[in-house]
Every structure is written in structure tokens, then in C-alpha cells.
1. Order these peptides, 394-407, 357-370, by their mean beta-carbon neighbour count within 10 angstrom, highest first.
2. Please identify the DSSP H helices in the chain that span no less than 27 Å along the helix axis (Cα) and have a mean Kyte-Doolittle hydropathy of 0.5 or more.
3. Run lengths n ≥ 4 of DSSP H only: what is the helix-derived mean residue ellipticity at 222 nm for the chain, with -39500 (n - 2.57) per run over all residues, to the nearest 500?
4. Rounded to whole Å and sorted largest first, what semi-axes of the equivalent ellipsoid does the C-alpha gyration tensor of the stretch 1-115 yield via the square root of 5 times each eigenvalue?
5. Which residues among the stretch 429-448 fall inside the zone where the amide N is under 14 Å from a point 7 Å beyond the Cα of residue 473, along Cα→Cβ?
6. Over the residues of the chain, compute the C-alpha Rg and express it relative to 2.2 N^0.38 Å.
7. Suppose a student asked you for the relative contact order of the chain, using Cα pairs under 8 Å spaced at least 6 residues apart; what percent would you report?
8. Residue separation times 0.36 nm, minus the C-alpha to C-alpha distance between residue 227 and residue 66: what's the value?
Amino acid sequence: MTKARFEKGDEKAFRQAADAAAQYRAALIDAPIRPDRTFADKLADFAEDLPAGGTSSDAVIAELADKSVDGLADSCNPRFFGYVIGGGHPAGVAADMLVAAWNQNSPMTEFTPTVTALEEVARRWLLELLDLPRDASMGICTGGTTANTTALTVARTEMLRRAGWDAEEDGLFGAPAVHVAVGAECHSAIQAGLRQIGFGASRVHTVPADEEGRMRPDALADIVAGLPDGPTIIVAQAGNINSGGIDPIGAIADVAESRGAWLHVDGAFGLWANVHPELRPQIEGVERADSWVVDGHKWLQVPYDCGIVLVRDMAAHARAMGHSAAYLPNSVSAADPVDFVPELSRRARGVAVWATLKAFGAEGVRDLIIRNCRLARRMAGRLAAEPGVNILNRVDLNQVAVAFGPAGETGDQLTAAVLARVQAEGICYPSHGVWHGRKTLRLSLSGYLTTEEDADKSVDAIIAAWRVLKNEAA
Ligand SMILES: *Cc1c(COP(=O)(O)O)cnc(C)c1O
């Protein structure tokens with residue numbers, strides 16, 4: 001018989017939270033997507049002096065559930081297309097509720113075997129699904145930004161080690177120069193990560209990109225040929241945030257191989273192209289990289305937050321990131337989560353990954369990815385048929401960059417006005433972008449609930465807004 005450890009109101013609080021969560025998610029579809037209330041409104045709702053005395057858990061949760069929903073962004077809505085945000089699959093969400101209840105600090109396998117075993121299963125499933133080397137190591141951290149910084153840190157440390165320099169012991173001052181090449185259209189997370197780990201902006205070589213934002217391998221080869229000898233890191237991207245464009249990774253891997261360079265692939269959402277035969281040609285050669293990043297909280301629908309870093313060389317990963325493995329280099333096959341992420345104390349993020357993968361199954365993930373790509377193409381096709389509406393990218397993946405009116409200031413103003421009107425109407429929620437020097441209304445098809453009907457209804461809303469503004473401007 002388990003001893004009851006609840007105080008008055010605690011058990012009720014759990015049930016209230018679960019009920020409120022279910023109610024929130026069930027009601028969502030017809031709610032407006034943009035929050036009705038502003039930050040100032042919500043601050044006024046919650047601001048009070050810190051209570052001197054306590055409040056029972058159930059009263060706390062009742063207040064939270066009662067006062068919150070009107071200030072939330074409805075990013076689980078099937079017509080939410082902003083910022084590449086996943087829909088938070090219920091299995092992952094519910095699993096995460098359990099993770100919170102279990103309160104397992106999860107840096108070490110021995111301490112909490114259930115959650116670390118689930119993370120290990122998630123690692124095996126992910127590598128199989130993504131068709132990457134099955135013995136690659138995995139770290140699960142807060143998101144693509146941290147995951148990329150982790151991968152770049154491993155690359156830096158390992159490339160220096162191969163050049164005879166021990167960065168763990170001797171640091172970076174006086175170390176051999178490490179050459180870094182990134183694509184001109186790489187994500188800001190890469191620039192930020194490189195700065196954080198000691199590579200100043202002017203040290204990084206920027207490789208020109210093509211019109212889809214894809215690194216040009218011929219330009220990369222030229223740049224690399226002009227570099228002095230020395231450790232080299234090449235950062236490729238799978239999935240440009242504006243165009244969805246995937247760098248030609250096979251050709252980039254050829255350059256990396258001939259140079260002996262570390263190849264990292266930032267595939268925060270685009271890495272999923274490798275799960276479907278129709279998309280796979282775009283990402284051919286991805287398995288040849290040394291490290292990869294993919295987000296759980298974007299296209300895989302794992303609830304926030306979840307970024308995943310995968311490294312071919314498990315020992316290099318553990319040497320660079322580990323608290324313990326640096327001193328136990330022979331035990332890395334049994335390494336702990338702490339050896340693969342920046343954190344010591346950590347939430348068991350892999351449990352929600354496991355639950356989401358289990359809920360979808362391999363076929364479910366493949367279907368999710370291809371369905372979103374087809375819906376993106378459908379929306380782009382319908383929008384392109386409307387006079388004055390321009391699609392600025394090839395819609396090979398799940399992103400659509402839309403610009404209204406002529407190029408230049410007039411068009412930019414119209415595009416901003418259409419976006420503002422569509423967002424305010426609340427039928428669908430695109431976000432903003434800039435592509436080919438033009439402001440865009442950006443659609444990211446990355447939720448698991450979106451249907452053809454949702455896509456059509458959203459396109460209708462966008463076209464209606466455009467017609468009104470076009471007539472007003474005329
Ligand atoms: C979203 C994204 C990132 C950053 O990931 P976060 O999870 O937001 O930290 C990095 N690179 C690419 C290509 C992305 O799309």
C-alpha cells in the first residue's frame with residue numbers, strides 16, 4: 001500500500017489540471033488563434049503582492065485555469081502556420097504531465113532508470129526513422145539553438161583534438177585556428193552558437209547560397225581550397241526557415257571529406273525530409289555528416305521544449321560535453337544523459353519523445369511529414385493563381401513565402417497589411433518573414449491536425465484579405 005503523501009487539495013489539483021488541459025485542447029479548434037488579451041492585460045490579471053500566507057494547490061490551479069486561456073497563442077490550432085511550431089501531440093503532452101509528477105532529475109542512468117531507458121529507446125527509434133548511423137549518440141536539450149551549440153562545441157573540441165590540441169585541458173587561447181564555413185542563409189542560431197563558443201563573426205567563412213537559400217557546393221569548394229591547412233568545420237542546413245530549402249548535403253559532404261572537415265547538419269525541421277521516399281532525394285547524403293540537429297518541438301509534435309543533437313562519434317560527444325566521461329573514456333557506451341547535453345539537472349525530455357513516436361508509429365511520422373508538404377503545395381498553388389499574389393520559393397517542403405503586390409515599398413506595405421488583417425481576423429495564423437529582399441507572409445505547415453479543409457479555409461481568408469486591401473489601395 002503506497003503511503004499517501006498528498007496534503008489537502010493536492011490530489012484535486014492534479015485532476016483539475018488534467019481536466020483543464022483536456023478541456024483547453026478539445027475546445028481549441030474554433031477559438032480565435034491570436035490571444036484576445038495583451039501582455040499588459042494579463043499582467044493586470046495576475047499582478048498582486050506576494051501573498052504572505054499559502055494557498056491550497058487546488059485553489060492555485062483553479063485560478064490558473066480560470067485566468068489563463070485568453071492570453072495564450074493557439075499554436076495547436078490546425079490553422080496555425082507561424083514560426084515552424086508543432087501541434088503538441090496529446091500523447092507527448094500527457095506523458096510530460098507524468099514526467100512532471102514523477103519529478104525525476106535525469107542526468108544519471110543509475111538514479112532514474114525508467115526515464116533514461118525510455119530516452120535510450122527514443123534514441124534508437126529516432127536513428128532508425130531518420131536513417132542515421134544507429135550507434136550515434138543523442139542529447140536532448142531545450143531546442144535547436146542549444147542542440148546546435150552543443151554539436152558545434154563537440155565539433156570544435158574534436159577537430160582541435162585531432163590537430164593535437166586538448167581544448168578541455170588547455171582551453172582555446174593559443175589553440176590552432178579552426179576554420180568554419182556556414183551557408184549565407186543559415187539560421188541565426190548557428191551564428192549565435194559560434195559566437196558563444198569562441199568563433200568571432202569575422203573568423204567564419206560565409207558560403208553564397210542559391211535562390212532557395214541553399215549553400216552552393218561549388219562556392220564552398222572554392223572557399224575551402226583557399227584556406228590554410230587546419231581543422232575545419234562545415235555547417236550545412238536542412239530546411240531554410242523561409243524557403244524550406246535543403247542544402248545539397250551529398251556534394252557538401254564530398255568537400256568535407258576531401259578536406260577532412262567535420263560536417264554538421266542543422267536540420268531543425270528539414271531533417272524529417274529523410275523519412276519519406278518522395279522527399280529523400282532533397283536530402284541525399286545526410287547520413288554522411290558527423291553531427292545532426294533536429295527539433296522535437298517543431299515537426300515531430302513533441303510538446304515544448306525539445307531539441308535533439310545526434311553525433312556519429314559517441315566518444316567525441318561525451319569527451320566534449322561530459323561531466324564524467326572525460327575522466328572515464330572507456331565507459332562512454334554506458335554514458336549518462338549528462339554526458340551529451342549542456343545541463344546537469346534536467347527534465348526527462350526523452351519521455352515525451354518516446355510517447356510521441358509511439359503514438360505516431362513510423363508510418364504516422366512519414367504520413368505527417370508528407371501530408372504537410374502536400375498541403376503547403378496546395379496552398380501555394382491556390383495562392384499563386386490569384387492575381388497580385390506571388391510565391392517567392394519553390395515549395396518542395398513545408399514552407400511557403402508569400403508576397404503581395406509589386407516588389408518594393410508598396411508591395412511590402414501591402415504584404416504587412418494583409419498579414420495584419422489575416423492575423424486579426426483569426427481564421428488562420430501565418431507569421432512574417434523577409435525573402436529575396438521582400439516582406440513576406442510566411443506559412444509553415446507543421447501541425448499534425450491540419451486538413452485540406454483547413455488549408456483551403458485559410459487560403460480563402462488570405463485571398464479575401466488581399467482583395468480588400470488591393471481595392472483600398474487602388
Ligand atoms: C528553429 C530553428 C533553429 C532554432 O531552433 P529552436 O528550437 O527555436 O531553438 C535552428 N535552425 C533552424 C534551421 C531552425 O529552423
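No value in this document is a laboratory result; all are computed from the given coordinates. Treat the numbers as computed from the prediction; the structure is a model and nothing was measured. All Cβ positions, even for glycine, are placed from backbone atoms using ideal geometry, and neighbour counts span all protein chains on display.
1. On the way: 394-407: 23.4, 357-370: 17.7.
With the highest mean Cβ count within 10 Å placed first, the list reads 394-407, 357-370.
2. On the way: long enough: 350-384 (42 Å, 0.34); 452-473 (31 Å, -0.38).
For the chain, where a helix must reach 27 Å along its axis and average at least 0.5, there are no hits.
3. Details: 14 runs with 203 residues, N = 474.
That comes out to -14000 deg cm²/dmol.
4. Values: eigenvalues 157, 105, 40 Å².
Over the Cα atoms of the stretch 1-115, the ellipsoid semi-axes are 28, 23, 14 Å.
5. Correct set: 438-441.
6. Working: Rg = 23.7 Å, N = 474, 2.2 N^0.38 = 22.9 Å.
The reported ratio for this selection is 1.04.
7. Values: 905 pairs, mean separation 96.9, N = 474.
This gives 20 percent for the chain.
8. Values: separation 161, 0.36 × 161 = 57.96 nm, distance 6.06 nm.
Taking 0.36 nm per residue and subtracting the Cα distance, the gain is 51.9 nm.
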